[in-house]
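Here the structure is laid out as structure tokens; the discussion comes afterwards.
The values are calculated or read from the model by the stated rules, or taken from the named source; none is laboratory data. Remember, predicted model here, so these are calculated numbers, not experimental data. Glycine also receives a Cβ, built like all others from the backbone with ideal geometry; neighbour counts cover every protein chain displayed. In case anyone asks, the SASA skips ligands and DNA or RNA and just uses the protein heavy atoms, side chains included. Shrake-Rupley method; radii C 1.70, N 1.55, O 1.52, S 1.80 Å.
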Amino acid sequence: MLRFLTAGESHGKALTTIVEGIPSNLPIDREYINFHLKRRQAGYGRGSRMKIEKDEVEINSGIRHGKTLGYPIALNIKNRDWVNWKTLMSESVPGENQEKVVIPRPAHADLAGTIKYNFSDIRNSIERSSARETASRVAAGSIARRLLEEFGISVGSYVESIGNVFPHNNFSEKLFSNELAEDFTGWSISEVADLSSVRVLEQVQEEEVIERIRHSKKRGDTLGGTFIIIATGLPPGLGSFSHYDNRLDAALSHAVMSINAVKGVEIGRGFKYAGAFGSEMHDELIVEDKSIRRKTNNSGGIEGGISSSEPIVIRAAMKPIATLMSPLKSVDLSRMEAIESRRERSDFTAVPACSVIAESMVAWVVANEFSKKFGGDSLEEMKDNFHSWISKIESRLINNFKDH
């Protein structure tokens with residue numbers, strides 16, 4: 001199994017990530033990770049902090065001469081803004097007059113975290129619950145993504161909507177109807193989306209979305225949206241229905257839902273299944289070139305908690321950022337009196353960034369399930385296991401049923 005742990009506060013010295021379970025001899029370098037960290041920071045509507053931070057990873061252990069060593073990988077991402085927060089975020093006892101945050105923001109983790117951990121300063125809750133932590137997830141997910149690339153598995157995403165501005169021609173219909181070009185990969189959709197400042201696929205929609213964000217800025221408001229993650233090239237058989245916590249769709253839903261501000265996740269057609277006839281939605285099986293395929297992909301590449309080999313399609317909804325420049329009502333906890341919420345430096349929308357973070361989380365889950373099935377201590381051993389299994393799928397299926 002793969003595992004990663006993160007540590008660090010939003011305005012602390014750095015974010016630290018420990019990654020374990022990656023096989024030895026996987027080629028990777030820091031610029032590959034930095035490339036995806038940069039993608040996370042892009043997008044129209046981001047706040048002023050993106051002008052301060054330029055996320056770059058330090059590799060402290062686990063990689064030598066451009067290849068993984070097979071044991072834990074330690075990564076570090078410095079917070080450049082820490083120099084402005086040294087006193088406020090110092091690990092030593094604070095001075096007598098250090099100001100405490102006492103006004104929680106609605107829809108944020110401020111109040112819930114303060115109650116849970118018995119804090120007297122909301123700053124303690126703010127720092128760890130911040131989406132700044134997701135830079136660590138992108139770093140870990142980039143290593144998982146690199147592992148998947150060795151097996152032809154590709155992960156990408158695009159923004160479907162921001163502020164309820166949807167495309168005129170929704171690309172997701174092609175995903176569900178299996179009308180994709182033969183050379184289509186998950187990453188190929190990201191390459192197109194990355195050309196847009198808001199990661200959408202239509203120029204007209206991009207213009208409409210940007211205008212919507214500008215309007216939101218003038219109001220001192222924020223916007224959420226929806227995005228789609230696609231993984232291609234998966235073999236059949238990842239995940240299991242043997243136990244609830246072995247199901248691939250459950251693991252993917254958990255991973256995407258764990259991202260800050262994500263409030264909804266669906267696999268394939270998701271909630272549209274609920275209002276349709278089974279005859280309209282279930283993916284019929286057909287034979288093409290002596291191989292079994294599905295006529296459609298409404299299930300989003302997962303059946304019974306197991307990958308079907310069709311593209312995995314996940315749709316997620318992100319709520320508007322909780323910090324508003326035109327504050328909502330709140331409570332001053334030091335006096336228990338009504339007051340306007342605080343203003344904390346923030347984004348106006350972060351849906352494009354969230355879609356990139358989701359790519360990393362999906363890559364991590366798929367790589368973990370892949371390692372469970374084909375695992376080995378080295379990349380070469382994993383490849384042997386994979387190619388041996390994949391080359392025999394058709395013959396095993398035929399032999400198992402030939403007498404019937």
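Tabulated data
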item: Test: residue in segment 209-228 that is among the polar types (S, T, N, Q), more than 23 Å from residue 263 (Cα to Cα) and at pLDDT 95 or above; result: no
item: Subset of segment 228-266 (residues that are of a type in the set (Asp, Glu) and open to solvent by less than 10 Å² (accessible area, probe 1.4 Å)); result: none
item: Residue within segment 369-377 that is farther than 30 Å from residue 254 by Cβ, part of a loop (DSSP other than H, G, I, E, B) and modelled with pLDDT under 95 present; result: no
item: Residues within segment 90-128 that are hydrophobic (A, V, I, L, M, F, W, C), within 30 Å of residue 329 (Cβ to Cβ) and out of contact with any helix residue (DSSP H, G or I) (no Cβ under 7 Å at 6 or more places or on another chain), tallied; result: 6
item: Residue match in segment 233-242 (condition: within 22 Å of residue 40 (Cα to Cα) and modelled with pLDDT of 95 or more); result: no
item: Subset tally (residues that are open to solvent by less than 60 Å² (accessible area, probe 1.4 Å), assigned to a loop (DSSP other than H, G, I, E, B) and either acidic (Asp, Glu) or over 11 Å from residue 14 (Cβ atoms) (or both)) for segment 73-97; result: 4
item: Residues (among the basic types (Lys, Arg) and either under 18 Å from residue 186 (Cβ atoms) or not in a strand (DSSP E or B) (or both)) located in segment 260-304; result: 269, 272, 290, 294, 295
item: Given (1) surrounded by 14 or more Cβ atoms within 10 Å (Cβ to Cβ); (2) farther than 30 Å from residue 177 by Cα, index of the condition residue 360 fails; result: (2)
item: Top-ranked residue in segment 267-292 [being of a type outside the set (A, V, I, L, M) and within 18 Å of residue 235 (Cα to Cα); ranked as least open to solvent (accessible area, probe 1.4 Å)]; result: 268
item: Which numbered condition residue 387 fails, given (1) open to solvent by 90 Å² or more (accessible area, probe 1.4 Å); (2) modelled with pLDDT under 90; (3) of a type outside the set (Lys, Arg); result: (2)
item: Count - residues of segment 98-134 that are small (Gly, Ala, Ser) and either assigned to a loop (DSSP other than H, G, I, E, B) or buried (at least 22 other Cβ atoms within 10 Å of the Cβ) (or both); result: 5
item: Hits in segment 305-330 - residues which are modelled with pLDDT of 95 or more and outside any loop (DSSP other than H, G, I, E, B); result: 306, 307, 312, 313, 314, 315, 316, 317, 318
item: Residue selected from segment 178-227 under the condition charged (D, E, K, R) and touching a Pro at 6+ places or on another chain (Cβ under 6 Å), by the criterion most open to solvent (accessible area, probe 1.4 Å); result: 202
item: Scan of segment 175-204 for residues that are at pLDDT 90 or above, under 15 Å from residue 310 (Cβ atoms) and either assigned to a loop (DSSP other than H, G, I, E, B) or in contact with a Leu (Cβ under 8 Å, 6 or more places away or on another chain) (or both), ordered by number; result: 184, 185
item: Verdict on residue 298 being farther than 25 Å from residue 321 by Cα, open to solvent by less than 70 Å² (accessible area, probe 1.4 Å), touching a residue at least 40 places away in the same chain (Cβ under 8 Å) and under 27 Å from the mean Cα position of the chain (by Cα); result: yes
item: Test: residue in segment 146-155 that is among the small types (Gly, Ala, Ser), modelled with pLDDT under 95, surrounded by fewer than 18 Cβ atoms within 10 Å (Cβ to Cβ) and out of contact with any Leu (no Cβ under 8 Å at 6 or more places or on another chain); result: no
item: Within segment 378-404, tally of residues that are farther than 30 Å from residue 71 by Cα and either of a type in the set (Val, Ile, Thr) or in a helix (DSSP H, G or I) (or both); result: 9
